[in-house]
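Since every read-out is calculated from the coordinates, none of them should be taken as a lab result. On a predicted model such as this, the values are computed, not experimentally measured, just so you know. Note that each Cβ is placed from the backbone with ideal geometry, even for glycine, and that neighbours are counted across all protein chains shown.
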Amino acid sequence: MMQRLRPLAPLVLMLVFPVLGSIYQLVNHPNDRVYSLVTQADLAIPFIKYFALPYGVWIFYIYACLVYLFFKDRNLYYRGIILYTVCAMTCYGIYLVFQTTVPRPVVTGSDPFSELVRFIYKRDQPYNCFPSIHCFSSYMVMRLFLTSKSRSRVIMILVSTMSILIIASTQFVKQHVLWDAVAAIAMVEIYHFVIYVLPGAHRSREKVRQQKELQA
């Protein structure tokens, strides 16, 4: 039995998610000063309660994507765990020194979508906004799948659509502003470049240098 389960052992790394979730709760409160990054463009974005659905299933979507990569592209699974952890910890550090908030609308109605929005608002305080964890993680998995050797057209359409819907939902349910999404995407790109692109370029240069030395 243990021999059969041993190949699944790396999935234990996903236990980092509840740990990070606990840290999130510790910093989800106002500091001495709370900032607002609301722009005129944000004020022009309407509140659309139906986007509470993609917003609400976000974490299950992230889990599903990482589990898929675990079985189909193990290296990208590890990369996803590392990127998520580094980006999340960066967000928490920013929340501690630069806490922002987003004004929320009063939600009326007793339909399922209105109830879901109220549940989201009740469960999550209106802080920890810049950068957006929903946005960075959704963009991250989409980026991982774009570079996966095991990707298919159908999978890419599904992942891209879902990631875009979740990022859009942060705006339409008024959980985040545009700067939160921009910063989240930029953060993923920066860490991807620093952690993976730069070391890869360095290894390539070293390999070329060694080949030249052997030929000399």
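Based on DSSP H assignment, which helices of the chain show an axial Cα extent of at least 18 Å together with a mean Kyte-Doolittle hydropathy greater than or equal to -1.0?
58-72, 74-97, 133-146, 153-172, 178-192
Grab the eigenvalues of the alpha-carbon gyration tensor for the range 1-72, scale each by 5, take roots, and send me the semi-axes largest first in whole angstrom.
Semi-axes, largest first: 37, 19, 9 Å.
Which one, 109, 80, 56, has the greatest fluctuation when you compute a Gaussian network model over the chain with C-alpha springs under 10 angstrom?
Looking only at 109, 80, 56, the largest GNM fluctuation is found for 109.
Give the shape of the range 70-173 as rounded, prolate or oblate, defined through the alpha-carbon gyration tensor: a ≥ b ≥ c are the square roots of its eigenvalues, a/c under 1.5 means rounded, and otherwise the shape is prolate if a/b is larger than b/c and oblate if not.
Judged from the Cα gyration tensor, the range 70-173 comes out oblate (a/c at least 1.5, b/c at or above a/b).
Exactly which trypsin sites (Lys or Arg not before Pro) in the range 3-104 are in a DSSP loop and have at most 16 other Cβ atoms within 10 Å?
Taking the range 3-104 and a limit of 16 other Cβ atoms within 10 Å, the loop trypsin sites (Lys or Arg not before Pro) found are 33.
For the range 136-214, take the alpha-carbon Rg, divide it by the Kirkwood Rh, and send me Rg/Rh.
Result: Rg/Rh = 1.18.
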